[in-house]
């Protein structure tokens, strides 16, 4: 068994390798839907969330009567997968525009103006939902004085350094995969305490993901009495539930995706932290998210 790489591109390149060598590959935290979708094979399991889980949980948080939404995303698989899943999940709110910009965008002025033009004259609550990762700061669109038009920003969770920009948006809503202060369970308490003790900082969500994958491996090996052969592991892991810092996860038998909770949050600007603090509104349970099966098994 191997634990898979961080980026979706590298993870996708590893999928046929796992099949060729008949070794279980546990993917954490690459998010492309295709990893457990059309590029999937029976050796692939995923503990990390994917674009659909990110987007669906954000849709659950924002999909309310009278809400009008425009989206801002990077123009590659991560952004387009996220918006596609978000749109599929929004049943009540109205989506009026999708804005896609190059992944390395630094000047968001033109895209922001198109978003404003689509939203500014619409009554009711108006939201720009941002799905972005890596380079660039899409929150610079706030420099165009969105408040003057009654427009809010919403987004998902991120690593702690990236959430420094969230601090200027107290009250901003979204949904996240993990934030160390949200889950209340013994596993998370132990992870946070030991991480502070060793590193003097809280665990970030990639840290929690790695911890979850390790717990999945240990659980699987206990079930197989230490037998690490692929067929034994696959039989043990399909439908297997295991503890994580987020609570229980379960590998869905059909596509080996870890079904897991997500967290609806509102941002609080707390002077004790360098980042905007996502305060829990409510836990979004796996059964509340209609995460599609896309692997055609």
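None of the figures in this text is laboratory data; all of them are computed from the coordinates on show. Given the structure is predicted, the values throughout are model-derived calculations rather than measurements. Reconstructed Cβ throughout: ideal geometry from the backbone, glycine too, with neighbour counts over all protein chains shown.
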Within the range 159-172, count every residue that is surrounded by 15 or more Cβ atoms within 10 Å (Cβ to Cβ) and touching a strand residue (DSSP E or B) at 6+ places or on another chain (Cβ under 8 Å). 5
Taking the stated definitions as given, is residue 200 without any contact (Cβ under 8 Å) to a residue 12 or more places away in the chain and over 30 Å from residue 129 (Cα atoms)? yes
Residues 255, 243: which one is touching a residue at least 40 places away in the same chain (Cβ under 8 Å) and part of a strand (DSSP E or B)? 243
Just one of 117, 121, 75 is touching a strand residue (DSSP E or B) at 6+ places or on another chain (Cβ under 6 Å) and more than 30 Å from residue 233 (Cβ to Cβ); which is it? 75
Filter the range 64-78 for residues that are out of contact with any helix residue (DSSP H, G or I) (no Cβ under 7 Å at 6 or more places or on another chain) and surrounded by fewer than 23 Cβ atoms within 10 Å (Cβ to Cβ) and give the result. 64, 65, 66, 67, 75, 76
Exactly one of 57, 34 is under 16 Å from the mean Cα position of the chain (by Cα), crowded, with 24+ Cβ neighbours inside 10 Å, touching a residue at least 12 places away in the same chain (Cβ under 8 Å) and farther than 27 Å from residue 106 by Cβ, and that one is 57
